[in-house]
Amino acid sequence: MWKKTGVIIWMGILAAFAGKEMVIHNKTANIVHAVSTVDSITFKHTEGPSGQLNLHRDALVDSVAHAKIDSITFQETDCSNIEDVTSKVYFTFVIHNEEDDANGVPGSIPTIPDYNGNKAVFDHFAGAMMDYAKMLQKYGATLSFQPDWTFIEGAMNFRPSFFPDLEALGNVEVIPHAHETIVPLDSIYKMEIEAGAHPRKQIGGMTVGKYMQSEDWFNKNPGWSHWTGPFQSPGHVGDASPPPFAFRIPLPADVSETIDLYKHVASSPVVVTGSIPSAVNSWSSAKPTGAYISSSYWFEATRFFMAESDDQSVPAQWRKVPGNVRMMTSAEKIAKIETALKDTYLPLQSEGKLEFMNPGEVVDMYKRYEHCLDLVDGQDLSGYAK
């Protein structure tokens, strides 16, 4: 047992105990994000009620803010079900909203909708995202919603209830996606909170070059993980393929080229989810044998959910052109994904080969079962580089 008397909520803590890890990140004197490889933390207050924190999700515990924590006990996760945990693929649907005001110049990226400057444009795409999330919810599927700053600003300007309404569906996890031409990643995270969301500290995409320059950022911003990992390139030209399972990547100071990312470093605080292709016919060859946690996703961008051709409230650029089979209205896009969900992914779920789970929860699961996995410190993963 590890004991600590006094107020410990005022600062971020990384405590190691018998090979297990507890991470508590402070925000306004409350526990806002507690993740652990253990099942739970049982806490006893010298003032106020006792209780238990579920460390597999974000935890916001206002009552703990000024309480004196008397003791914390640890319980190691049982590995007896590790074969069941690692035999399936953890799958989610992913949405990106890119910035249209690069470098703060309004409309500087005309191929991205004007989310923060045109109410009709925002209303259409926000409505499409709600319809999409509701369709997925109907089937128990999850959505990782990853907005850049202009979409968040549009929500604050035009529909303040957007993020609370989206999260209220119960199947949506919000994390920041940042091109960082003017607004940095941690600021986007704070904007999401200001807009009413409860985002995970997970990075929704990052280039290799940006990661190599981020040593100081990770030191100042502890507790962040990566969706897939920093394997992208500018404009997605020549992206590298991430390993097909979750692991801990080397810190930026130890990375001078892409291949350096392909190594498991047990002491690294940065967990990446990795990924296998969304095409299920490749899963048998892409998913490695052994005790590894593998995930996959279906990716879409908000701008692909077009308005109807006769919707005069939206600029013509964001309306479907009649006869253009490559364009899809929001209704058509959602119907197409629903068909794939019913025909392909739900049968795999029924067979026990797939479980719907958002990336932040995959990281939580990885940390919970890390001591049960076949990963070895220093393990060379370069065989997965493509």
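The values are calculated or read from the model by the stated rules, or taken from the named source; none is laboratory data. The structure presented is a predicted model; accordingly, all values stated were derived computationally and were not measured. FYI the Cβ positions are ideal-geometry reconstructions off the backbone, even for glycines, and counts take in every protein chain you see.
Just a few scattered comments:
- K353 fulfils the conditions (1) surrounded by 14 or more Cβ atoms within 10 Å (Cβ to Cβ); (2) basic (K, R); (3) modelled with pLDDT under 95 except for a single criterion, (3).
- Yes/no for D186 being surrounded by 17 or more Cβ atoms within 10 Å (Cβ to Cβ) and at pLDDT below 95: no
Condition check ((1) at pLDDT below 95; (2) not aliphatic (A, V, I, L, M)) across all residues:
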residue: H56; (1), (2): yes, yes
residue: I72; (1), (2): yes, no
residue: T86; (1), (2): no, yes
residue: V89; (1), (2): no, no
residue: V121; (1), (2): no, no
residue: Q137; (1), (2): no, yes
residue: A141; (1), (2): no, no
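- Within region 335-365, the residues that satisfy the criterion of being touching a strand residue (DSSP E or B) at 6+ places or on another chain (Cβ under 6 Å) and under 17 Å from P244 (Cβ atoms) are L348, L354, E355, M357, P359, V362, V363.
- The lone criterion from (1) aliphatic (A, V, I, L, M); (2) closer than 27 Å to F231 by Cα; (3) crowded, with 21+ Cβ neighbours inside 10 Å left unmet by M212 is number (3).
- Unmet criterion (only one of (1) of a type outside the set (D, E); (2) in contact with a strand residue (DSSP E or B) (Cβ under 7 Å, 6 or more places away or on another chain); (3) under 30 Å from K210 (Cβ atoms)) for A128: (2)
- The criterion of at least 2 residues that are in contact with an Asp or Glu (Cβ under 7 Å, 6 or more places away or on another chain) is met, among helices (runs of 4 or more DSSP H) falling completely within region 314-386, by 330-340, 359-369.
- Scanning region 247-268 for residues that are among the charged types (D, E, K, R) and surrounded by fewer than 19 Cβ atoms within 10 Å (Cβ to Cβ) returns D254, E257, D260.
- Given (1) free of Cβ contacts under 8 Å to residues at least 60 places away in the same chain; (2) within 24 Å of N103 (Cα to Cα); (3) in contact with a Gly (Cβ under 7 Å, 6 or more places away or on another chain), number of the condition S187 does not satisfy: (3)
- Close pairs (9 angstrom Cβ cut-off, 6 or more residues apart or separate chains): within 16 Å of I259 (Cα to Cα) in region 231-245, modelled with pLDDT of 75 or more and of a type in the set (K, R) anywhere: Q232/K210; A240/K386; S241/K386; P244/K287
- In the condition set (1) over 22 Å from M129 (Cα atoms); (2) surrounded by 14 or more Cβ atoms within 10 Å (Cβ to Cβ); (3) modelled with pLDDT of 95 or more, K367 is compliant with all but (3).
- One residue from T329, T273, T344 being of a type in the set (V, I, T), within 17 Å of T86 (Cα to Cα) and either assigned by TED's automatic domain parsing to the domain that holds F231 or surrounded by 19 or more Cβ atoms within 10 Å (Cβ to Cβ) (or both): T273
- Some residue of region 121-137 being in the same structural domain as A335 (by TED's automatic domain parsing) and in a loop (DSSP other than H, G, I, E, B): no
- Restricting region 130-164 to residues that are within 15 Å of R200 (Cα to Cα) and of a type in the set (S, T, N, Q), the residue that is surrounded by the fewest Cβ atoms within 10 Å (Cβ to Cβ): T142
Okay, residues lined up against (1) under 25 Å from F356 (Cα atoms); (2) among the polar types (S, T, N, Q); (3) under 17 Å from the mean Cα position of the chain (by Cα):
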| position | (1), (2), (3) |
| --- | --- |
| A126 | yes, no, no |
| A141 | yes, no, yes |
| P147 | yes, no, yes |
| A155 | no, no, no |
| S161 | no, yes, no |
| E167 | yes, no, yes |
| N171 | yes, yes, yes |
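- Restricted to helices (runs of 4 or more DSSP H) entirely inside region 178-286, those with at least 3 residues that are among the charged types (D, E, K, R) and on the phi < 0 side of the Ramachandran plot are 185-194, 215-220.
- Looking only at residues of region 350-386 that are touching a residue at least 12 places away in the same chain (Cβ under 8 Å) and among the polar types (S, T, N, Q), we find that the one that is farthest from T92 (Cα to Cα) is Q379.
- Residue within region 294-301 that is surrounded by 14 or more Cβ atoms within 10 Å (Cβ to Cβ) and not in a strand (DSSP E or B) present: no
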